[in-house]
Amino acid sequence: MTGHAPAGRDDDAARGHRADGHPGAQAPPAASSAGGSELITGIGELHTVDPARGADSVLTDAAVVVENGLIAWVGRASEAPAADRATDVEGRAVLPGWVDSHTHLVFAGDRGAEFAARMAGEAYAAGGIGVTTNATREAGDETLRGLVAGRVRDAVAGGTTYLETKTGYGLDVEQELRAARIAADAADEVTFLGAHLVPEGADPDDYVETVCGPMLQAVRPHVQWADVFCERGAFTPEQSRRVLEACRDAGLGLRVHGNQIGPGEGVALAVELGAASVDHCNFLSDEDVAALAGSATVATVLPACDLSTRAPLAPARKLLDAGATVAIASNCNPGTSYTTSMNFCVATAVLQMKLTVDEAIRAATLGGAKALRRDVSAPDRPAVGHLAVGTRADLHVLDAPAAVHLAYRPGMPLTWGVWRAGRREV
Ligand code: NIG
């Protein structure tokens, strides 16, 4: 991910001065890459989201030490070790950076008219993907790269520190390869979504064979994941299985867009094939919920998409109560969810989906990490999505004394500081 502090932003103005009881605002420095260790102190409320801490994962009057891009120490401020330098966040709340595990950032054009028609009563249909495919194909490489980089910058400015994105608006071998390359330069994880829509004029089964053959071969060096839109108007369960099995055999991890537009077999297929995540989950049977609860497949809910398509909200409360792992992601794309704001998604999950603030934070951090299989550290890959010794130093400092403000003050500019892999970016 290549995010930087947004150019030309008036940071003092953006962070504001409020009379809401939290300590006075002080503009932090622009992106900092100083070496050595850094003690972050004055943390009013630290959400570690650390599974090892169980119910005690929120610390008050806390401090964190960051070194070599990792968390080196977490605990009470009074017990903090010395470090090369210190930053006092003056009573603010600190969370792990958001892990946005579902975005479609490689696109050109917008579909504002389609959105307006939806607000006037039209239903969402998969066919709009073709409109964005045409606009994306027409955009030059540099234009497209610039659009993607801008979206990543917006995401980082909103507290996102780890981000997945997909192909899926190319829909031929050359254009999917271009999208995969651009995505790999901009995002932490890339998903091949050649099976997003059968392009106009193509025979569906022939297209599936292209996806499973030359297209997969072309994108393979640039992607870690494969996805399929298993839905009415996109790919049948049989076609979806064919794509997923071919991609699994090529060594890719699996994800599925499922049960978005109506009930269907997407969830069952994802669970059967051991997909890391099934995303959308608006129309779930009791069997789907039980299958997810009994599996390692994460149910990723997309609150901004549900509002923008006026879909029934994904049953995140029911999934959590059944014991499923839930992730929250932005699904940024021009058709169903034109936002990278995870703060908004978390607020919506609390206000509309009836998650507690802690559950929503967990779903948008550790849940996203689980959906990308990045919740556990490997020797060369520190875990993301929670704060413990050895995890990546991805911190999101809110301009508020407590994380409840994310839902209590929805839509307010609450992101005050962002550290990504130990480097201050906002
Ligand atoms: O996740 N559902 C499939 N893909 C996107 C929407 C794509 C579009 O309409 O452009 C989604 O919502």
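The values are calculated or read from the model by the stated rules, or taken from the named source; none is laboratory data. Please read all numbers here as calculations on a predicted model, not as lab measurements. Quick reminder, even Gly has a Cβ in these numbers, built from the backbone with ideal geometry, and neighbours come from all protein chains shown.
Among the residues of segment 160-206, which ones are closer than 24 Å to Ala383 by Cβ, among the hydrophobic types (A, V, I, L, M, F, W, C), touching a Ser or Thr at 6+ places or on another chain (Cβ under 8 Å) and away from the ligand (no atom under 16 Å from the Cβ)?
The answer is Ala186, and nothing else.
What are the residues in segment 300-324 that are buried (at least 23 other Cβ atoms within 10 Å of the Cβ), within 15 Å of the ligand (Cβ to nearest atom) and not in a helix (DSSP H, G or I), if any?
Correct list: Thr300, Val301, Leu302, Ala314.
Whether any residue in segment 276-292 is in the same structural domain as Thr136 (by TED's automatic domain parsing), free of Cβ contacts under 8 Å to residues at least 12 places away in the same chain and within 21 Å of Ala327 (Cα to Cα) is what I want to check. Quick ask: steps written out before the conclusion?
Start the filter on segment 276-292 by keeping residues that are in the same structural domain as Thr136 (by TED's automatic domain parsing), which leaves 276-292.
Pick out the ones that are also free of Cβ contacts under 8 Å to residues at least 12 places away in the same chain and you get 286.
From the residues that got through so far, the ones that are within 21 Å of Ala327 (Cα to Cα) too are 286.
Yes: segment 276-292 contains one or more residues that are in the same structural domain as Thr136 (by TED's automatic domain parsing), free of Cβ contacts under 8 Å to residues at least 12 places away in the same chain and within 21 Å of Ala327 (Cα to Cα).
Could you pull out every one of the helices (runs of 4 or more DSSP H) wholly within segment 135-222 that has 3 or more residues that are touching a strand residue (DSSP E or B) at 6+ places or on another chain (Cβ under 6 Å)?
Numbers: elements: 141-157, 173-186, 204-210, 216-219.
Filter on segment 135-222 gives 173-186.
Which members of segment 241-257 meet the condition of being within 23 Å of the chain's Cα centre (by Cα) and either not in a loop (DSSP other than H, G, I, E, B) or not assigned by TED's automatic domain parsing to the domain that holds Ala202 (or both)? Give the derivation first.
Going residue by residue through segment 241-257, those that are within 23 Å of the chain's Cα centre (by Cα) are 244, 247-248, 251-257.
Across segment 241-257, the qualifying residues are Leu244, Cys247, Arg248, Gly253, Leu254, Arg255, Val256, His257.
For Thr297, which of the numbered conditions (1) crowded, with 24+ Cβ neighbours inside 10 Å; (2) in contact (Cβ under 8 Å) with a residue 60 or more places away in the chain fails to hold?
Of the numbered conditions (1) crowded, with 24+ Cβ neighbours inside 10 Å; (2) in contact (Cβ under 8 Å) with a residue 60 or more places away in the chain, the odd one out for Thr297 is (2).
Applying the selection to segment 252-282, what residues are more than 16 Å from the ligand (Cβ to nearest atom) and out of contact with any Lys or Arg (no Cβ under 8 Å at 6 or more places or on another chain)?
Answer for segment 252-282, where residues must be more than 16 Å from the ligand (Cβ to nearest atom) and out of contact with any Lys or Arg (no Cβ under 8 Å at 6 or more places or on another chain): Ala268, Val271, Glu272, Gly274.
Residues in segment 80-115 that are among the small types (Gly, Ala, Ser), crowded, with 24+ Cβ neighbours inside 10 Å and in contact with a His (Cβ under 9 Å, 6 or more places away or on another chain): how many?
Number of matching residues: 2.
So how many residues does segment 118-129 have that are part of a loop (DSSP other than H, G, I, E, B) and either buried (at least 18 other Cβ atoms within 10 Å of the Cβ) or more than 16 Å from the ligand (Cβ to nearest atom) (or both)?
Going residue by residue through segment 118-129, those that are part of a loop (DSSP other than H, G, I, E, B) are 120-127.
Filter once more, keeping what is either buried (at least 18 other Cβ atoms within 10 Å of the Cβ) or more than 16 Å from the ligand (Cβ to nearest atom) (or both): 120-121, 124, 126.
Selection size over segment 118-129: 4.
Within segment 208-236, track down each residue that is surrounded by 16 or more Cβ atoms within 10 Å (Cβ to Cβ), within 16 Å of the ligand (Cβ to nearest atom) and of a type outside the set (Gly, Ala, Ser).
Val211, Trp225, Asp227, Val228, Phe229, Cys230, Glu231, Phe235, Thr236
Consider only pairs whose beta carbons are under 9 Å apart and that are at least six residues apart or on different chains; among these, list those whose first residue lies in segment 102-117 and is over 15 Å from Ala180 (Cα atoms) and within 10 Å of the ligand (Cβ to nearest atom) and whose second residue is assigned to a loop (DSSP other than H, G, I, E, B) and among the acidic types (Asp, Glu).
Glu114/Glu122
Could you figure out which of (1) within 24 Å of Val208 (Cα to Cα); (2) surrounded by fewer than 16 Cβ atoms within 10 Å (Cβ to Cβ); (3) away from the ligand (no atom under 16 Å from the Cβ) isn't true of Thr143?
So Thr143 meets the others, but not (1).
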